[in-house]
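Asker: There's a structure below that I have some questions on.
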Amino acid sequence: MDRQIVHLDLDAFYVNCTLLKMPELVGRPVIIGGTSNRGVVISSSYEARKYGVQTTMPTRFAKQLCPDAIVILGDFDMFTDYSNLVNEIIGEKAPVLERASIDEFYMDVSGMDRFFGCHQFTSELTQKVLKETGLRMSFGLSVNKTVAKMATNYSKPNGNLRISKPEVQPFLDPQSVRKIPSIGEVTYKLLRRISIRQIKTLRQLPIESMQELLGKNGVTLWKKANGIDKTPVIPFSERKSISTERTFDKDTQNLPELKALLISMVEKVAFQMRDANMLCSTISVRIRYSNRDTETKQAKIPFTSNDDVLLEKSLELFDKLYNRRMLLRLIGVKLSNFVYGSHQINMFQDTTKMINLYSAMDRMKKRFDNPTLIRRAVGFSAHENTLIKRG
């Protein structure tokens, strides 16, 4: 039996959530992002995209391309609430659901055609989402995740496309290799330099050539170009967590050192979360006093993997927790309530330069397999032994 995989994507999610709150802007070019000269574009309406406005573009450049665009600081609490609502609606009906990011989902509906058409089922589900939230979804239906996602991208906005098994290669072949999910700008430029522009050209290469060129990633890309992707749809368990804690050899109440240690710990677990391609929506801080009293505070936050957001919230929680001025014997931090997804740009703090900086730092940490290789200067005084828990 052929697999039946659905990829669902909320169209212009950040913009459309904002338009539900500000309906007077419907039909006008809208940009969600930083309003200062250092800000970047988080999302844009299709009216703005016609002028060439793109995600991560500096806002000032976007305004030059589209002078009439309205730039709005988005409400990430609202975005998270809508994402959770959509997840609940789909989860009530989907046989197997994976929450891929704040605005993307995968379903495995294999075998459903025997009882209820997969395409009809998904169409009715997206209509249910629209009716209950006001948000439109596009979807692709095919034999695996790669083709389903590409079908969704092809059908946007507010469309759908089913690619059956015999149609997979005719659908893939004429498209640019840039359309293959997971191909980044560096890989794309490398392939283009050696005249590999279309998927058909890539798939006709010997798999050994792709392995020699790009290693393991080259083999994966070759398989995707040939319509091969066995990646399963994995229901995500929000019970998982990533945490680290330190029990001191000698109890302390040295605030600068405690906060330096907390900063170092947050940087470590945040990197581990990004390395696992996850975003969290809950952070908690735990302390244990010298008399063994243990206290914990947690906070809900918009889905993020951004160090700055997590550091600010962890220090805020610590200040609320540590109010007895007694010696401490333990401090810990935990991230939880995850979805799969890459770094979500923080419109208040991120610039293109900062995004590139964090990406470069993470690459160095991965290369040397050391999550504490690069840290803020304040964290270098915090030499902790940590215990990472998942589950």
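Asker: What is the extension gain from D2 to E132, computed as 0.36 nm multiplied by their sequence separation minus the C-alpha to C-alpha distance, in nm to one decimal? Show your work: numbers first, answer last.
Answerer: Details: separation 130, 0.36 × 130 = 46.80 nm, distance 3.21 nm.
Here the segment from D2 to E132 would lengthen by 43.6 nm.
Asker: Counting only chymotrypsin sites (Phe, Trp or Tyr not before Pro) that sit in a DSSP loop (anything but H, G, I, E, B) with at most 11 other Cβ atoms within 10 Å, what is the longest stretch of the chain containing none of them? Numbers along the way, then the final one.
Answerer: Numbers: sites that count: F115, F116, F368.
After excluding every exposed loop site, the longest remaining stretch is 117-367.
Asker: At 222 nm, what value in deg cm²/dmol follows for the chain if DSSP H runs of at least 4 each add -39500 (n - 2.57) and the sum is divided by all its residues, to the nearest 500? Let's see the in-between values first.
Answerer: Details: 14 runs with 154 residues, N = 391.
Roughly -12000 deg cm²/dmol at 222 nm, from the helical runs in the chain.
Asker: Over region 1-160, how many percent of alpha carbon pairs lie in each 10 Å bin up to the one with the longest distance?
Answerer: All Cα pairs considered, the percentages come to 11, 37, 31, 16, 5, 0.
Asker: Run a plain Debye calculation on region 213-324 (Cα atoms as equal point scatterers, no solvent) and give log10 I(q)/I(0) at q = 0.13, 0.19, 0.21 Å⁻¹, rounded to two decimals, same order as the q list.
Answerer: For region 213-324 at q = 0.13, 0.19, 0.21 Å⁻¹, log10 I(q)/I(0) is -0.63, -1.03, -1.19.
Asker: Next question. Quick check: from the Cα gyration tensor, does region 175-277 come out rounded (a/c under 1.5), prolate or oblate? Provide the component values of the computation, followed by the final result.
Answerer: Details: a/c = 4.00, a/b = 2.66, b/c = 1.50.
Prolate, because a/c is 1.5 or more and a/b exceeds b/c.
Asker: Right, something else. GNM, the chain, Cα, under 10 Å: largest mean-square fluctuation among S138, S164, S43?
Answerer: S164
Asker: Taking R0 as 35 Å, what's the FRET efficiency between V186 and A276 from their Cβ-Cβ distance, rounded to 0.05? Please report the intermediate quantities before stating the final value.
Answerer: On the way: r = 22 Å, r/R0 = 0.62.
Computed FRET efficiency for V186 and A276: 0.95.
Asker: Further, regarding this structure: Need the list of aspartates and glutamates near K313 for cross-linking: C-alpha distance under 16 angstrom, and skip anything on the same chain fewer than eight residues off.
Answerer: Counting by Cα, and skipping residues close in sequence, K313 has these aspartates and glutamates nearby: D77, E267.
Asker: Next question, about the same structure. Once whole DSSP H runs in the chain are found, which of them have Cα atoms spread over 24 Å or more along the helix axis and a mean Kyte-Doolittle score of at least -1.0?
Answerer: 76-93, 255-275
Asker: Taking only C-alpha pairs under 8 Å that are 6+ residues apart, what is the relative contact order of the chain in percent?
Answerer: 17 percent
Asker: If I take R0 = 56 Å and measure r between the Cβ atoms of R193 and D77 in this structure, what FRET efficiency does the formula 1/(1 + (r/R0)^6) give, to the nearest 0.05? Don't skip to the answer; put the middle values down first.
Answerer: Working: r = 44 Å, r/R0 = 0.78.
After rounding, the FRET efficiency stands at 0.80.
Asker: Follow-up question, since we're still on this one. Determine the shape class of the chain: with a ≥ b ≥ c the square roots of the Cα gyration tensor eigenvalues, call it rounded for a/c under 1.5, and otherwise prolate if a/b is greater than b/c, oblate otherwise.
Answerer: Numbers: a/c = 1.67, a/b = 1.56, b/c = 1.07.
Because a/c hits 1.5 or more and a/b exceeds b/c, the chain counts as prolate.
Asker: How long are the three semi-axes of the equivalent ellipsoid of region 173-235, in whole Å, if each is the root of 5 times an eigenvalue of the C-alpha gyration tensor, listed from largest down?
Answerer: On the way: eigenvalues 68, 33, 28 Å².
Over the Cα atoms of region 173-235, the semi-axes work out to 18, 13, 12 Å.
Asker: Cut-off 10 angstrom, C-alpha nodes, Gaussian network model of the chain. Which of L190, L330, L261 fluctuates the most?
Answerer: Of the options given, L190 has the highest mean-square fluctuation.
Asker: Computed over the Cα atoms of region 74-174, what is the ratio Rg over Rh, Rh following Kirkwood?
Answerer: Values: Rg = 14.0 Å, Rh = 14.3 Å.
Using Cα coordinates only, the ratio equals 0.98.
Asker: Residues of region 257-275 with amide nitrogen under 20 Å from the 7 Å Cα-to-Cβ point of L327?
Answerer: 257-262
Asker: Top mean-square fluctuation among N84, N217, N277, Gaussian network model of the chain, C-alpha springs under 10 Å?
Answerer: Of N84, N217, N277, the most mobile in the Gaussian network model is N217.
Asker: Calculate I(q)/I(0) for region 97-230 by the Debye formula, one identical point scatterer on each C-alpha and no solvent, and give its log10 at q = 0.22 Å⁻¹ to two decimals.
Answerer: -1.31
Asker: Check the straight Cα-Cα distances from K179 and name the aspartates and glutamates below 18 Å, setting aside those fewer than 8 residues away within the same chain.
Answerer: Output for K179: D9, D11, E104, E167, D229.
Asker: Would you mind calculating the gained length between D293 and S155 on full extension (0.36 nm times residue separation, minus the Cα-Cα distance), in nm to one decimal? Mind showing how you got there, number by number?
Answerer: Working: separation 138, 0.36 × 138 = 49.68 nm, distance 5.67 nm.
That pair, D293 and S155, stretches by 44.0 nm at full extension.
Asker: Please state the charge dipole magnitude for region 173-235, taken about the Cα centre, from unit charges on C-beta atoms (+1 on K and R, -1 on D and E), reported in debye and rounded to the nearest 20. Present the calculation step by step, with values, prior to reporting the outcome.
Answerer: Numbers: 12 positive and 5 negative charges, 39 e Å.
Using Cβ point charges on Lys, Arg, Asp and Glu, region 173-235 gives about 180 debye.
Asker: Mind scanning K165/K230; K149/K189; K93/K128; K149/K224 and naming the pairs with a C-alpha gap bigger than 18 Å? Don't skip to the answer; put the middle values down first.
Answerer: Details: K165/K230 14 Å; K149/K189 22 Å; K93/K128 10 Å; K149/K224 12 Å.
Beyond 18 Å between Cα atoms: K149/K189.
Throughout, read-outs are computed from the coordinates displayed, never taken from laboratory work. Computed from a predicted structure; not experimentally measured. Cβ: placed from backbone, ideal geometry, glycine included. Neighbour counts: every protein chain shown.
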